[in-house]
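Comments concern the structure below.
The values are calculated or read from the model by the stated rules, or taken from the named source; none is laboratory data. Only a predicted model underlies this, so the values are computations on that prediction, with no experimental measurement involved. Reconstructed Cβ throughout: ideal geometry from the backbone, glycine too, with neighbour counts over all protein chains shown.
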Amino acid sequence: MHSVVLTKGVPDFREGQVSFDEDGHLERGATPTVMNPNDEFALEAALQTKVKRGGRVSVMSMGPPGYESVLEEAMSVYADDLYLLSDREMAAADTWSTAITLSAGIEKIGAADEQGSSSPAEESEEPDLVFAGFKTADGETGQTGPQTAWCLDRSIVTHVVALDVEEDEGRLRAKRLVEGDPDEIETVETSLPAFVVTDPEFEASYRRAEHRLRHKELRAETEERVENYEDHLTTWSAEELDLDPDFIGLDGSPTIVSGVDPIPKAPSEREATAVDPDDPEELHAVLETMRPLAGGD
Amino acid sequence: MTDDYEHYEAVVVGAGPGGAAAAATLARNDVETLVLERGVEAGSKNVSGGLVYAEESAPYTLSDLFPGFREAAAERPVTDYYLHNVAGDRVKTFDITDLHDHDTEWSEAVLRRTMDSWLAERVHELTRETGGGLLTDVRVEGLLREGGEITGVTCEELDPIRADLVVAADGVNSELARDAGLMDWEEPEEWFQGVKAVVDVPEDVIAERFGIGDDEGEAHLFSGDLFEGVRGGGFVYTNRDSLSIGTVFHLDSLVAEDAEPHELLDELLTHPLLAEWLDGHYDEVEYSAKLVPDSKKVAHPAPHRGRLLAVGDAAGQMQAQGPIIKGMNHAVTAGALAGEAFAEAKLRNDPASAGDLYERKLREEGVMAKLRPQGYRLTSALGERESVTDLADAVLTSGVGRRAIRLLGDRLEGLYSSPILSQIVPDTRTPYVTMPTVIAEELGERVDADPDYEPKSLLDRIGDLTYDTDVGDPHIELRDTSAAASGAAVAACPVSARDFGGGCYREETRKTNGHEETVVSLDTQPCVECGTCAVVADTEWEHPRGGKGVEFRQG
């Protein structure tokens, strides 16, 4: 069982980390880059698959060389190996050209496995599962996952909150939120290979002691590995991925951003009138004020 | 689905010293062993006064089972042991190091978070080799029974697990021992309650004020009139750079006097001797509490049922040898004997005989004789009647008694240091309160020092503790809210007090139809999981889920 987890570096939007200029624009240079918070759920889902079914977890990101630290952060959750797709030609990509680049990377991992594996039967030619987190904290489109799945021509399950892989039958069973509603959960099945987008409601479940012991062991291993994470990192350029520069980066992006408008801030002060609850006249006045807002009458 | 249950040869519940000893012994005998601990880390749920012993006569000690234990996980060896008899500001101090040294290979002051988490790491390594291991954040809630037989455990966080051996090392509030019918929570007379404050004091200040070197440490006990007549005493133990300061009282006496445990602790904290030691350095970092079983009354003579073997506090194996309390050493011995018993039984192809073998080993190795000394049974039958106590107190406080005390003078120190006498002291107010008070009045010297600090309020003590509250899922339910059934908990609970709204238990006056009644209400948020209310109130008492509830940093 081979899983690839996609992750992205995003500005750290947490209070105390993020900086904005006077016009409300993000100061990218003054704001640290971190792993997209939603991607942690994708990593946990991949780790759960490894704990229960064995295999390997690769983590992949597209970005400048500085994104190595994002992959390091991912490895601190769990990763066997790391892949960074990094090239000037890939810069300023929208979700579409990002999906093309990532899918090329995922296919190359499969091909590399085929060549590198001493016993070909052990490794399938493409990863059984690709995981992504539910939308990034900066773009917030939620498109990259589905578009990458489309490029790879595999079935996709989104808003996944629980997961079980039946490797022998080549199937995946998942619980997912219907249209992202936490109160409406459906169970779906699909065949492997598949693409899974985890919901922030995803919870790994370990009901067997052997799984918890394995989890503890894998976590200890990855903590050790992360200290020399560079040794487990492979960087691929556009050329190595055999990508046409016209289809990636800014040139390959059909999206046009016409402008960015700051969202006006809500007023910090509001007018308030104190009402004596024991005074029926005052209460009546409140009701009269509210009547036009209530609709109907 | 039941065919899908996991199976381990042995499941050890609880990663305190008893569980650690059992697991290490099992693992060394190639028994596949799984250890389940409900805290976020071993030690995070555990409190002790703070002295652990290795007895010369014991078949197993912590340092036998875990080489390097003393250097890595203990605070300071106890090289001097004192008993302070207190009457007001008069103190008569006996050096009882001889009693302490009796049968002692070594003794160390410990803090349980450090100690137990260190042991747990070793245990995980050892048990991992057998195909098992140690897991935290898992609460075992009961016994798995199939066809009327105990066949394993049930957990909140895991599916049921089958095992050929279940070791209940789940502490003083053992849910397994209760499930198996080995222990109950009925009689306050069978329990002590301990309350402790850990106070940070710099290492050089400890060295200077106690006059001790790097490899030395002291233990101090207090008895007399400083605890409002409640039967029990206080202690101060030196750690590397902190002091463990606490009190231990008979639970029935606490209830009878309607005493507030935290206030009794404050009495000790503000005593002139403490004022000298803590001057300028009262930095209390953790308040904690625990029930202590009185092995003389509750140590189970046959602590096993089917595949279940109980060790340590879960089996009532906590010995109060006069003023000296020994618990962890017996848990270690019992844990190792339980492991040994199973390994032998398995070798004989008769694992079901492990319980009987364990019981026999406890007896033959002399553990039971220490836990339930013969002498105590004789003296308690005679000496614990109220009329006898009244008579003894009357004689002691009379001119005759006082003259006898004066005549005995320093020879009393020798009597107090007698291991045999210390085992048979009756549990009455005479040895705890009357005798030390008279000794201090007749022989003591005045100590005058005023504390330059105020003990922390209960509110601050609770506020300093770390909790991961299981919101909406309280682990204790009050079955009977009447003051008659559960009112005692308001004072006896160490994190509750009369006229204090921020604790677990409080009394409220409810008016209905011109009718007034006092009812007891419960909020488990500040609970330190000591178990006091399970004994003194009418509750449905369970431990919180794995990883939830209070988390001790010192312990």
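Data for the structure
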read-out: Number of the exception - B:Ser418 against (1) among the hydroxyl-bearing types (Ser, Thr, Tyr); (2) farther than 29 Å from B:Gly555 by Cα; (3) touching a strand residue (DSSP E or B) at 6+ places or on another chain (Cβ under 9 Å); value: (3)
read-out: Candidates A:Leu218, A:Leu241, filtered to the one that is within 14 Å of chain B (Cβ to nearest Cβ) and either of a type in the set (Phe, Trp, Tyr) or more than 21 Å from the chain's Cα centre (by Cα) (or both); value: A:Leu218
read-out: Some residue of the stretch B:282-297 being acidic (Asp, Glu), out of contact with any Leu (no Cβ under 6 Å at 6 or more places or on another chain), over 17 Å from B:Trp191 (Cβ atoms) and surrounded by fewer than 22 Cβ atoms within 10 Å (Cβ to Cβ); value: yes
read-out: Count of the stretch B:84-99 residues which are at pLDDT 95 or above and under 22 Å from the mean Cα position of the chain (by Cα); value: 1
read-out: Residue ID - surrounded by the fewest Cβ atoms within 10 Å (Cβ to Cβ), chosen from residues in the stretch B:414-433 that are free of Cβ contacts under 8 Å to residues at least 60 places away in the same chain and more than 15 Å from B:Leu83 (Cα to Cα); value: B:Ile420
read-out: Qualifying residue in the stretch B:423-431 (condition: more than 29 Å from the chain's Cα centre (by Cα), part of a helix (DSSP H, G or I), of a type outside the set (S, T, N, Q) and more than 29 Å from B:Ala310 (Cβ to Cβ)); value: no
read-out: Qualifying residues in the stretch A:169-198 (those that are surrounded by 21 or more Cβ atoms within 10 Å (Cβ to Cβ) and touching a residue at least 60 places away in the same chain (Cβ under 8 Å)) - the one farthest from the other protein chains (Cβ to nearest Cβ); value: A:Phe195
read-out: Strands (runs of 3 or more DSSP E) completely within the stretch A:120-204 that count 3 or more residues being of a type in the set (A, V, I, L, M), closer than 20 Å to A:Val77 by Cβ and touching a Leu at 6+ places or on another chain (Cβ under 8 Å); value: A:129-133, A:155-166
read-out: Out of B:Gly50, B:Gly16, sole residue that is under 28 Å from B:Ala343 (Cα atoms) and not assigned by TED's automatic domain parsing to the domain that holds B:Ile245; value: B:Gly16
read-out: Residue that is nearest to the other protein chains (Cβ to nearest Cβ), among those in the stretch B:109-126 that are farther than 13 Å from B:Ser44 by Cα and out of contact with any helix residue (DSSP H, G or I) (no Cβ under 6 Å at 6 or more places or on another chain); value: B:His124
read-out: Residues that are modelled with pLDDT under 95 and either basic (Lys, Arg) or over 21 Å from B:Val367 (Cα atoms) (or both), drawn from the stretch B:289-302; value: B:Lys296, B:Lys297
read-out: Test for A:Val165: is it of a type in the set (Val, Ile, Thr) and modelled with pLDDT under 95; value: yes
read-out: Evaluation of B:Leu362 against (1) of a type outside the set (Gly, Ala, Ser); (2) more than 15 Å from B:Gly18 (Cα to Cα); (3) surrounded by 20 or more Cβ atoms within 10 Å (Cβ to Cβ); (4) out of contact with any strand residue (DSSP E or B) (no Cβ under 7 Å at 6 or more places or on another chain) (one fails), failing number; value: (2)
read-out: The listed residue being within 14 Å of another protein chain (Cβ to nearest Cβ) and in contact with a strand residue (DSSP E or B) (Cβ under 9 Å, 6 or more places away or on another chain), out of B:Val31, B:Val40; value: B:Val40
read-out: Cβ-Cβ under 9 Å pairs, at least 6 apart or on other chains, the stretch B:464-483 side small (Gly, Ala, Ser), far side loosely packed, with under 15 Cβ neighbours inside 10 Å and at pLDDT below 95; value: B:Ser482/B:Glu517; B:Ser482/B:Thr518; B:Ala483/B:Glu517; B:Ala483/B:Thr518
read-out: Single residue of B:Glu141, B:Glu149, B:Glu157, B:Glu129 found to be within 21 Å of B:Gly546 (Cα to Cα), more than 12 Å from chain A (Cβ to nearest Cβ) and in contact (Cβ under 8 Å) with a residue 60 or more places away in the chain; value: B:Glu141
read-out: Checklist (1) part of a strand (DSSP E or B); (2) closer than 30 Å to B:Val11 by Cα; (3) more than 14 Å from every other protein chain (Cβ to nearest Cβ) applied to B:Leu176, failing item; value: (1)
read-out: Residue list for the stretch A:205-244, filter: under 21 Å from A:Leu82 (Cβ atoms) and aliphatic (A, V, I, L, M); value: A:Leu218, A:Ala220, A:Val226, A:Leu233, A:Ala238, A:Leu241, A:Leu243
read-out: B:Ser48 vs. criteria surrounded by fewer than 23 Cβ atoms within 10 Å (Cβ to Cβ) and among the small types (Gly, Ala, Ser); value: no
read-out: Residues (away from chain B (no Cβ under 14 Å) and either out of contact with any Pro (no Cβ under 7 Å at 6 or more places or on another chain) or at positive phi (or both)) located in the stretch A:199-215; value: A:Asp199, A:Pro200, A:Phe202
read-out: Conditions (1) in the same structural domain as B:Gly88 (by TED's automatic domain parsing); (2) surrounded by 21 or more Cβ atoms within 10 Å (Cβ to Cβ): number failed by B:Leu273; value: (2)
read-out: Test result for B:Glu286, within 22 Å of B:Gly232 (Cα to Cα), modelled with pLDDT of 95 or more and in a strand (DSSP E or B); value: yes
read-out: Cβ-Cβ under 6 Å pairs, at least 6 apart or on other chains, the stretch A:44-72 side at positive phi and in contact (Cβ under 8 Å) with a residue 60 or more places away in the chain, far side surrounded by fewer than 19 Cβ atoms within 10 Å (Cβ to Cβ) and not in a strand (DSSP E or B); value: A:Gly55/A:Met1
read-out: All helices (runs of 4 or more DSSP H) inside the stretch B:69-138 with 2 or more residues being surrounded by fewer than 23 Cβ atoms within 10 Å (Cβ to Cβ) and touching a Gly at 6+ places or on another chain (Cβ under 8 Å); value: B:112-128
read-out: Members of the stretch B:306-315 found to be buried (at least 21 other Cβ atoms within 10 Å of the Cβ) and farther than 18 Å from B:Ala21 by Cβ, listed by number; value: B:Arg307
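Matching residues to (1) more than 16 Å from the chain's Cα centre (by Cα); (2) more than 16 Å from A:Thr33 (Cα to Cα); (3) surrounded by 20 or more Cβ atoms within 10 Å (Cβ to Cβ):
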{"position": "A:Val51", "(1), (2), (3)": "yes, yes, yes"}
{"position": "A:Ser61", "(1), (2), (3)": "no, no, yes"}
{"position": "A:Asp87", "(1), (2), (3)": "yes, yes, yes"}
{"position": "A:Ile106", "(1), (2), (3)": "no, yes, yes"}
